[in-house]
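So the structure is just underneath, and the comments pick up after that.
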Amino acid sequence: NNATLGSDSPVALTQAEIDGPWAKLVGVLEQTTKYHSSTVPRAGVSLLVNKLLKWPSPSLLLPVVDTLRLLALHSDGVDALLEVYPGGGNGFVAGLLELIQRSSSPPELRGIILTLARVLFNSFRHAS
């Protein structure tokens with residue numbers, strides 16, 4: 001879909017974002033055996049949250065939501081999300097619930113709803 005392609009889109013990553021914060025975030029998330037000892041780069045999480053909040057259509061949201069799911073599995077991921085998400089924990093939960101509601105009408109978006117639910121449930125995995 002062309003809604004997310006091109007430099008005019010609010011969700012298109014610039015080359016600097018791809019090479020910088022996005023690459024660092026993906027690098028940490030790929031190292032699953034080091035989740036217990038690594039920290040998540042806040043700039044990458046901020047970029048992810050920024051894209052999530054600007055995403056134009058729930059039908060195209062799966063890549064962002066799936067990255068959020070992986071982030072919630074990291075021992076530092078939820079702390080990073082709560083630091084950068086507008087409104088902290090309350091804003092994060094309210095945002096997820098709003099996305100679930102926005103994605104609930106067309107049946108083909110059930111995968112997004114299930115992934116959003118996983119993000120929500122995984123967010124409590126490392127709760128202290």
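Some values worked out for this structure:
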{"read-out": "Candidate lysines for bridging to Lys34, where Cα separation is under 28 Å - those fewer than 8 sequence places away on the same chain excluded", "value": "Lys24, Lys51"}
{"read-out": "Projected label distance in nm at Arg102 and His126, using a 7 Å step from Cα toward the beta-carbon", "value": "2.6"}
{"read-out": "Span per principal axis, largest first, for the Cα atoms of region 71-120 (Å)", "value": "33, 21, 10"}
{"read-out": "Mean ellipticity per residue at 222 nm, deg cm²/dmol - from DSSP H runs of n ≥ 4 across the chain, formula -39500 (n - 2.57)", "value": "-16500 deg cm²/dmol"}
{"read-out": "Positive dipole terminus of the chain, leading residue within Thr14, Ser46, Asn90 (C-beta point charges)", "value": "Asn90"}
{"read-out": "Accessible area per residue, Å², the chain with all protein chains present, probe 1.4 Å", "value": "56"}
{"read-out": "Gain on full stretching of the segment that runs from Ser9 to Ser38 - 0.36 nm per residue minus C-alpha separation", "value": "7.2 nm"}
{"read-out": "Accessible area, probe 1.4 Å, largest first, for residues Arg125, Arg102", "value": "Arg125, Arg102"}
{"read-out": "Reference-scaled alpha-carbon Rg (2.2 N^0.38 Å with N residues) for the chain", "value": "1.03"}
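The values are calculated or read from the model by the stated rules, or taken from the named source; none is laboratory data. Since this is a predicted model, take the numbers as computed values, not measurements. Backbone-built Cβ (ideal geometry, glycine too); neighbour counts: all protein chains shown. Note: accessible area is taken over every heavy atom of the protein model, side chains too, but ligands, DNA and RNA are not part of it. Shrake-Rupley method; radii C 1.70, N 1.55, O 1.52, S 1.80 Å.
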